[in-house]
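All remarks here apply to the structure that follows.
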Amino acid sequence: MEAHKILESRVKGALESFTGKASSVIETNNYRIDFKGHEQLKSASTIKLAVLLEAYRQIDRNLLKPYSIIKMKPEDFTEGSGVLFHLNSVNELSFEDLLTLMIIVSDNTASNIAIRTVGMDRVNKLLHDLDCSQTLLGREFMDFGAARQGLDNFTSAADLVTMLKAADSDGLLSEDSRRRVFHILKKQQILANLHGRIDEMEEVSIASKSGNLPGVVNDAGVFEYRGNKVYAAVVINDSPDNHSGQELIAEIGSYIYDWLKTS
C-alpha cells in the first residue's frame, strides 16, 4: 500500500473510532484526505487564524501599521486564555505584539483588541472571499451576552486548510506579511495537539493555531520537513473530555510526521 493510502487509513481509522464529532482535512502537494471536512463545528480559538490573516491584509494595504502602539483600557482586559489579564503593569503594546500574543498563547484580550482594530465585518468578508463558507466570526471572546443570544464562532477542517494555504501562497498577502505570519505561527506555545507526540528536537517544524473549549479541541497547522509540506486541520466537538480530543489530534500529528519521514 502506498504511503498516502497508509496515512489515510490510519487517520480515518482514528477519527471513526472517536466518541464525539471529529473531522479532518490533510493535504500534501498531490494528495488530499478529507473526513467530514466540510462539517461546520465550533471553532474555539482557531478562528483567530482568520483575524491574523485579515490584520496582515490590512497592513499590506497600509490601513494598519504593525508597530503602531495600541493603548489598552481597563475594560479591554478579558479573562480566559492568555496572559495580559494577569499583567497589571502592561497598558500598551504594538499591534504586531498583540497579534503575536493572540496566536502563540491564544490571548483573549489581545484577540478582542485585534478584532476591534481590523473589524469583525472585514474578517467575515475575507472568509467570504476565500470561499470559507463554514467559517464565521460571530462574537468576541468571552462575550457571554452574545453567546446567550446564540452568536458563536464556527469553522470546518476544510476552511482551516484553505486559510493556511492562502497564508502560504501568492495572492492574499505580500511576501513580507507571509513571512511574518509564519514566524508567529511557528512560535506556538500550546503544544498538546498536533505537536503532542513530536519531540521538539526533531527536524519537523509546525506552524499552527489551536483552539479549546469544554468538549471542543481543534488544531490546524502546516508541517514542513526536508522540503515536504503538509497542511492539516482536525476539528473536534462533543469530546467526552478535552484530554481525549488532544490525544486524538496528537495521534494524527504523529501519523503525518511518520508519513513525512518516509516520503
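Scanning the stretch 1-47 for residues that are farther than 19 Å from residue 155 by Cα, hydroxyl-bearing (Ser, Thr, Tyr) and part of a helix (DSSP H, G or I) yields a single hit, 9. Within the stretch 69-87, is even one residue touching a residue at least 40 places away in the same chain (Cβ under 8 Å) and part of a strand (DSSP E or B)? Checking the stretch 69-87: at least one residue is touching a residue at least 40 places away in the same chain (Cβ under 8 Å) and part of a strand (DSSP E or B). The one condition from (1) out of contact with any Gly (no Cβ under 8 Å at 6 or more places or on another chain); (2) of a type in the set (Ser, Thr, Tyr); (3) in a loop (DSSP other than H, G, I, E, B) that residue 239 does not meet is (1).
Taken over the stretch 91-114, the criterion of being touching a helix residue (DSSP H, G or I) at 6+ places or on another chain (Cβ under 6 Å) and on the phi < 0 side of the Ramachandran plot is satisfied by 98, 99, 100, 101, 102, 103, 107, 109, 110, 111, 113, 114. Before we move on, is residue 42 among the basic types (Lys, Arg), touching a strand residue (DSSP E or B) at 6+ places or on another chain (Cβ under 9 Å) and under 29 Å from residue 100 (Cβ atoms)? When the stated conditions are applied, residue 42 passes them.
Summed over the stretch 199-217, residues that are of a type outside the set (Asp, Glu), farther than 15 Å from residue 246 by Cβ and surrounded by fewer than 17 Cβ atoms within 10 Å (Cβ to Cβ) total 2. The C-beta contact set for the stretch 107-133 (first residue closer than 25 Å to residue 69 by Cα and basic (Lys, Arg), second residue crowded, with 21+ Cβ neighbours inside 10 Å and modelled with pLDDT of 95 or more, distance under 7 angstrom, 6+ apart or interchain) comprises 122/54. Of all residues in the stretch 151-161, those being surrounded by fewer than 23 Cβ atoms within 10 Å (Cβ to Cβ) and part of a helix (DSSP H, G or I) number 0.
When the residues of the stretch 91-106 are narrowed to those that are modelled with pLDDT of 95 or more and more than 19 Å from residue 59 (Cβ to Cβ), which ends up nearest to the chain's Cα centre (by Cα)? Quick ask: steps written out before the conclusion?
So in the stretch 91-106, the residues modelled with pLDDT of 95 or more come out as 92-106.
With the extra rule that they be more than 19 Å from residue 59 (Cβ to Cβ), the set shrinks to 105-106.
Values: 105: 12, 106: 10 Å.
Ranking the candidates gives 106 first.
Within the stretch 1-35, being under 13 Å from residue 230 (Cβ atoms) and over 20 Å from the mean Cα position of the chain (by Cα) holds for 3, 4, 7, 8, 29, 30, 31. The residue list 196, 245 contains one member that is surrounded by 15 or more Cβ atoms within 10 Å (Cβ to Cβ), not β-branched (Val, Ile, Thr) and not in a loop (DSSP other than H, G, I, E, B), which is 245. Within the stretch 126-149, being basic (Lys, Arg) and more than 18 Å from the chain's Cα centre (by Cα) holds for one residue alone: 148. Once the stretch 88-132 is narrowed to residues that are of a type in the set (Gly, Ala, Ser) and in contact with a Leu (Cβ under 8 Å, 6 or more places away or on another chain), the residue that is surrounded by the fewest Cβ atoms within 10 Å (Cβ to Cβ) is 114. When residues in the stretch 181-193 are screened for being out of contact with any helix residue (DSSP H, G or I) (no Cβ under 8 Å at 6 or more places or on another chain), modelled with pLDDT of 95 or more and assigned to a loop (DSSP other than H, G, I, E, B), 1 of them pass. Could you count how many residues in the stretch 11-40 are within 25 Å of residue 263 (Cα to Cα), small (Gly, Ala, Ser) and surrounded by fewer than 21 Cβ atoms within 10 Å (Cβ to Cβ)? Residues flagged as within 25 Å of residue 263 (Cα to Cα), small (Gly, Ala, Ser) and surrounded by fewer than 21 Cβ atoms within 10 Å (Cβ to Cβ) within the stretch 11-40 amount to 2.
The values are calculated or read from the model by the stated rules, or taken from the named source; none is laboratory data. Keep in mind that what you see is a predicted model, and the values were worked out from it rather than measured. Glycine also receives a Cβ, built like all others from the backbone with ideal geometry; neighbour counts cover every protein chain displayed.
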